[in-house]
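Report on one structure; see the data block that follows.
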């Protein structure tokens with residue numbers, strides 16, 4: 001499993017309760033662009049409806065050798081989730097958000113996305129998170 005892009009800001013801004021892995025539906029040039037690392041998850045999110053899930057506002061840059069001039073880099077892309085997972089996500093409480101955490105390539109060459117279900121942190125919670133992170137770093141450094 002090779003990680004292509006991470007949304008490290010999501011760990012700071014959201015308290016992730018649960019994670020899911022989903023397939024990502026892409027066209028041929030998009031696959032080549034993602035595998036070359038031309039992708040950004042900053043500001044992107046996932047929506048779920050009874051018909052399926054989709055990734056919105058993720059930036060996948062155009063592949064430099066593709067002739068498509070009308071390419072939209074932030075178009076919505078379909079996610080491949082099981083019916084059971086979609087129903088599980090639809091039944092969740094209000095206030096929870098689906099955030100893409102990372103895009104990776106499996107051993108078979110498939111592009112997958114890891115999405116997290118979480119709640120937005122307030123400013124006080126973010127400060128607590130940084131304090132705990134710094135304390136853990138000092139403990140590991142002193143050993």
Only Cα pairs within less than 10 Å get springs; with that Gaussian network setup on the chain, which residue of 65, 12, 104 has the largest fluctuation?
65
Once both label points are put 7 Å beyond Cα along the C-beta direction, the residue 8-residue 45 separation in nm becomes 2.4 nm
What distance in nm separates the two pseudo spin-label positions at residue 68 and residue 121, each 7 Å out from Cα along the beta-carbon direction?
3.6 nm
Please report the spacing between the Cα centers of the stretch 41-101 and the stretch 1-37 in Å, no decimals.
10 Å
Options (1) 12, 46, 34, 7, 1; (2) 12, 43, 31, 9, 5, 1; (3) 11, 36, 31, 17, 5, 0 - which one matches P(r) over Cα pairs in 10 Å bins from 0, in percent as calculated here
(3)
Connecting every pair of Cα atoms under 10 Å apart in the chain and solving the GNM, the largest mean-square fluctuation among 107, 116, 43 falls on 107
Rounding to the nearest 10 and keeping the result within 0 to 90°, find how far the Cα-based axis of helix 123-142 lies from the longest principal axis of the chain.
80 degrees
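Laboratory data are not the source of any read-out in this text; all were calculated from the coordinates shown. Bear in mind the structure is a predicted one, so any value in this text is a computation, not a measurement. Because the Cβ atoms are built from the backbone with ideal geometry, glycine has one as well, and the counts that use them run over all protein chains shown.
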